[in-house]
Amino acid sequence: EHQLVGAEAEADLVELEDVDAISLRRRGPAVEVLAWSEGIFLGVLTRVPGEVHTREITEELSERLNLQEMLREAIKLEEFELHYQPQVVVGSDRVVGVEALIRWRHARRGMISPGEFIPLAEESGLIIPIGRWVLHEALGQMKRWQKEGIAPHYISVNVSSVQLNQSDMLGIIEEELA
């Protein structure tokens, strides 16, 4: 199914495949492609005027849609894991804390960089269930270390601004700490 793409100024309507809804806007010296799928904002692709190629845009958006679907599946299949980076006192080997770092081990693609999936997770809202999982796993690991008597003084977890804007974020943290 083809979708029409609207554009302001002198750009024409064009057809693209594999995209639910797209609009082009002229803003300053570049053309932005704003893309949505199933009501979820996929992001902005910027092109220099006169260099916007529908095939390239379609391929990029198709890749984003594919990665977003893979991310949904990764949540269901529990393909994420946490790695703990020690925080040490300068000049000694004493570990005082750890930082929990999320990693995605995809069944076919192997390790997928957080730099590749975190921005899309934030834009699509999938960071909410992913972030909840990270909190649950990291705090659960801290409790296990405490029971074994080997717990560091603290554990740090990176939290997205999307998560911080949740009205129940404090309650989620308190629930995980209980």
With the 8 Å Cα cutoff and a minimum separation of six or more residues, segment 79-124 has a relative contact order in percent of 31 percent
Tell me, what HN-Hα J-couplings in whole Hz come from the Karplus equation 6.51 cos²θ - 1.76 cosθ + 1.60 at θ = phi - 60° for each residue of segment 131-138, using x for Gly and Pro? x, 4, 4, 4, 4, 4, 5, 5
Over the alpha carbons of segment 114-178, what is the largest minus smallest coordinate on each principal axis, giving the biggest first in Å? 40, 27, 15
Please give the per residue accessible area of segment 78-137, computed with a probe of 1.4 Å over protein heavy atoms only, in Å². 54 Å²
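The values are calculated or read from the model by the stated rules, or taken from the named source; none is laboratory data. If you're wondering where the values come from, they're calculated on a predicted model, not measured in any experiment. Surface areas here come from the heavy atoms of the whole protein model, side chains and all, with no ligands, DNA or RNA. Shrake-Rupley method; radii C 1.70, N 1.55, O 1.52, S 1.80 Å.
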